[in-house]
Amino acid sequence: AQTVTQSQPEMSVQEAETVTLSCTYDTSENNYYLFWYKQPPSRQMILVIRQEAYKQQNATENRFSVNFQKAAKSFSLKISDSQLGDTAMYFCAFMDNTDKLIFGTGTRLQVFP
Amino acid sequence: EPEVTQTPSHQVTQMGQEVILRCVPISNHLYFYWYRQILGQKVEFLVSFYNNEISEKSEIFDDQFSVERPDGSNFTLKIRSTKLEDSAMYFCAIPARSRVDTEAFFGQGTRLTVV
């Protein structure tokens, strides 16, 4: 069974600084997708960034980028130039071959002015 | 415009009552997923529904729960005889696979409060 682990329950960063959220996973599959979702206080699930396992190039979306290490089964999220609006829960998720998402326990990120 | 709309956004119900949560996609989708998030905890898979049948369910999805596609367009999650521990956010999601990429669109969620 696939598992997703987020070892940082809480992180904080000052506005304009860079922060990295870690995520590791376990799977025997070779091709799969990985996602980071942001959940603000409204509790809506907002897709931040995605990575397909067979793509070696790390995904980037504006200030958000990932460090995908397939052999190490690691998928960290880097947020550059942090903004107050980035304050939220961040969930790492693995999509298996049935399109089911398996989530980590989340990291609560607080951005301070 | 969101891909998926959920209603109601918030529902308060008395313990023992039945609730029906609805999910409406803006276009035809054969696959549907329901997830649950108890406050302060992670998002957990409940059930996947494909072409009018359950394709996979978790151990959480017991006889208290059922899913339907009552009219061909919207999907429902029914919770019978609600318990206090059913209080949670319930999300429906649809996967979207294309030649370019893959993601899962989430509805805005239904906050269920059982009192």
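Annotation: of all residues in the range B:17-40 being farther than 17 Å from B:T5 by Cβ and of a type in the set (A, V, I, L, M), the one that is nearest to the other protein chains (Cβ to nearest Cβ) is B:L39. Selection over the range A:89-113 of residues that are in a strand (DSSP E or B) and within 14 Å of chain B (Cβ to nearest Cβ) gives a count of 12.
Check whether at least one residue in the range A:14-25 is of a type in the set (S, T, Y) and open to solvent by less than 20 Å² (accessible area, probe 1.4 Å), and report yes or no. Give the derivation first.
From the range A:14-25, those of a type in the set (S, T, Y) are A:18, A:20, A:22, A:24-25; that's our starting set.
Among the residues that remain, those that are also open to solvent by less than 20 Å² (accessible area, probe 1.4 Å) are: A:25.
So far as the range A:14-25 goes, yes, one or more of its residues are of a type in the set (S, T, Y) and open to solvent by less than 20 Å² (accessible area, probe 1.4 Å).
For A:R63, the conditions (1) away from chain B (no Cβ under 11 Å); (2) open to solvent by 60 Å² or more (accessible area, probe 1.4 Å); (3) basic (K, R) are fulfilled apart from (2). Pairs meeting the criteria (first residue in the range A:37-51 and over 16 Å from A:S65 (Cα atoms) and at the interface with chain B (Cβ under 8 Å from one of its Cβ atoms), second residue assigned to a loop (DSSP other than H, G, I, E, B) and open to solvent by less than 50 Å² (accessible area, probe 1.4 Å), beta carbons under 8 Å, at least 6 apart or on different chains) are A:R43/B:G109; A:Q44/B:G109; A:M45/B:G109. The residue that is most open to solvent (accessible area, probe 1.4 Å), among those in the range B:23-56 that are modelled with pLDDT of 95 or more and charged (D, E, K, R), is B:E44. Only a single item in (1) within 14 Å of chain B (Cβ to nearest Cβ); (2) surrounded by fewer than 15 Cβ atoms within 10 Å (Cβ to Cβ); (3) modelled with pLDDT under 95 is not met by A:S28, and it is number (1). Screening the candidates A:D86, A:D99 for the property of being under 23 Å from A:Y32 (Cα atoms) and open to solvent by less than 30 Å² (accessible area, probe 1.4 Å) yields one hit, A:D99. Any residue that is in a loop (DSSP other than H, G, I, E, B) and within 11 Å of another protein chain (Cβ to nearest Cβ) - is there at least one of those in the range B:41-55? Yes: one or more hits.
In the range A:52-84, of all residues being touching a residue at least 40 places away in the same chain (Cβ under 8 Å) and out of contact with any Asp or Glu (no Cβ under 9 Å at 6 or more places or on another chain), the one that is farthest from A:S12 (Cα to Cα) corresponds to A:A72.
The values are calculated or read from the model by the stated rules, or taken from the named source; none is laboratory data. Since this is a predicted model, take the numbers as computed values, not measurements. FYI the Cβ positions are ideal-geometry reconstructions off the backbone, even for glycines, and counts take in every protein chain you see. In case anyone asks, the SASA skips ligands and DNA or RNA and just uses the protein heavy atoms, side chains included. Shrake-Rupley method; radii C 1.70, N 1.55, O 1.52, S 1.80 Å.
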